[in-house]
Amino acid sequence: MKVILTGATGMVGEGVLLECLANAAVDRVLAVSRRSSGHSHPKLEECLVKDFRDLAGVEPQLTGYDACFYCAGVSSVGMSEAEYTALTYDTPLAFATTLARLNPGMVLVYVSGASTDSSEQGKVMWARVKGKAENALSRLPFRAAYHFRPGLMKPVAGQKNLKRLYRVLLVFYPLMKLFLPALSLHEVGRAMIRCVQSGAPKSVLEVADIQALGIS
């Protein structure tokens, strides 16, 4: 399996990257990012781009892949809806449109979030925009598209790209997971790989669905 991965400089993408590098089912990973992940591995290549919406100069590097794990994302805190839409809807849609054209047999796995609003009509801005992105990505001509909606996530050993606040909050992880649906990023990564290998029973996967795939 050959995988294109985004978000390797963030917590989720880095955790999925490390799972891919450790997993025998994955032969090669191309991490597409604006800056280096800081990791090196025989399976890993990096493709640094300034704008995910302008890939014309790197298209030859993006061909011949089986899957895209789109883990890049930003918080909506402090953003207007227009700003958040540009990063959370326009950017992944443009990126995925290019990949679908170059790799028609590709499987897309898009990391969304718990409480995403598929109706696109709700009052919560980020959930509405994420739902719009899910719906648009599902219409692209991939072999299959899956949308992961994780909640609380635990990093894996070896991660470098954790914000200081999250490192502090990890002390309380055992307590928080008693009250919040939780996953490890090992489970998230394994579930993504399983989606490519054998599919999933539904296109939108909530925490329990991701966990079931990740431990099976």
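Per-residue 3J(HN,Hα) values for the stretch 97-111, derived from phi via the Karplus relation 6.51 cos²θ - 1.76 cosθ + 1.60 with θ = phi - 60°, read 4, 5, 5, 5, 5, 7, 9, x, x, 6, 9, 9, 10, 10, 8 Hz in sequence order (x marks Gly and Pro).
Would you mind putting 74-81, 15-22 in packing order, based on average other-beta-carbon counts within 10 Å, highest first?
Values: 74-81: 11.8, 15-22: 24.6.
Packing order, densest peptide first, comes out as 15-22, 74-81.
Just the protein heavy atoms count here, and of the accessible area of the chain at 1.4 Å, carbon and sulfur take up 56 percent. Helix-only arithmetic for the chain: the sum of -39500 (n - 2.57) across DSSP H runs with n ≥ 4, divided by the residue total, places the mean residue ellipticity at 222 nm at -10000 deg cm²/dmol. Taking amide hydrogens as placed 1.01 Å from N in the peptide plane, the amide H of residue 184 sits under 5 Å from those of 154, each at least 5 positions away in sequence or on another chain.
Report the semi-axes of the equivalent ellipsoid for the stretch 100-160 in whole Å, largest first, where each axis is √(5λ) for an eigenvalue λ of the Cα gyration tensor.
Numbers: eigenvalues 96, 87, 11 Å².
Equivalent ellipsoid semi-axes, largest first: 22, 21, 8 Å.
Each peptide in 117-130, 54-67 receives the mean, over its residues, of other Cβ atoms within 10 Å, and ordering these scores from highest gives 117-130, 54-67. For the stretch 20-120, the Kirkwood hydrodynamic radius from C-alpha pairs, put into Stokes-Einstein at 4 °C and a viscosity of 1.567 mPa s, yields a diffusion coefficient of 86 µm² per second.
Taking a ≥ b ≥ c as the square roots of the eigenvalues of the Cα gyration tensor, the stretch 1-64 is classed as oblate, since a/c reaches at least 1.5 and a/b does not exceed b/c. Compared with the alpha-carbon gap, the fully stretched path from residue 115 to residue 40 is longer by 23.5 nm at 0.36 nm per residue.
Please list the equivalent ellipsoid semi-axes of the chain, computed as the square roots of five times the alpha-carbon gyration tensor eigenvalues, in descending order and whole angstrom. Present the calculation step by step, with values, prior to reporting the outcome.
Numbers: eigenvalues 108, 89, 64 Å².
Values for the chain, descending: 23, 21, 18 Å.
Straight-line cross-link reach from residue 43 at under 21 Å between alpha-carbon atoms covers these lysines, not counting any fewer than eight positions away in the same chain: 2, 160. Bridgeable aspartates and glutamates around residue 163 (alpha carbons under 15 Å apart, same-chain partners fewer than 8 residues away excluded): 14. Where a Cα-Cα gap under 17 Å defines reach, which aspartates and glutamates qualify for residue 130, not counting those fewer than 8 residues away within the same chain? Partners found: 81, 83, 90, 117, 120, 206.
Using 0.36 nm times the number of residues separating residue 53 and residue 24, minus their current alpha carbon distance, what extension gain do you get?
Values: separation 29, 0.36 × 29 = 10.44 nm, distance 3.15 nm.
Length gained, residue 53 through residue 24: 7.3 nm.
If each residue of separation counts as 0.36 nm, what is the full-extension length gain between residue 2 and residue 208 once their alpha-carbon separation is subtracted? List each step's numbers first, then the result.
Numbers: separation 206, 0.36 × 206 = 74.16 nm, distance 2.64 nm.
Computed gain between residue 2 and residue 208 is 71.5 nm.
The values are calculated or read from the model by the stated rules, or taken from the named source; none is laboratory data. The shown structure was predicted, so the numbers you read here are calculated from the model rather than taken from an experiment. Using ideal geometry, Cβ is built from the backbone for each residue, glycine included, and neighbour counts are taken over all protein chains shown. SASA here: full protein model, heavy atoms, side chains in, ligands and nucleic acids out. Shrake-Rupley method; radii C 1.70, N 1.55, O 1.52, S 1.80 Å.
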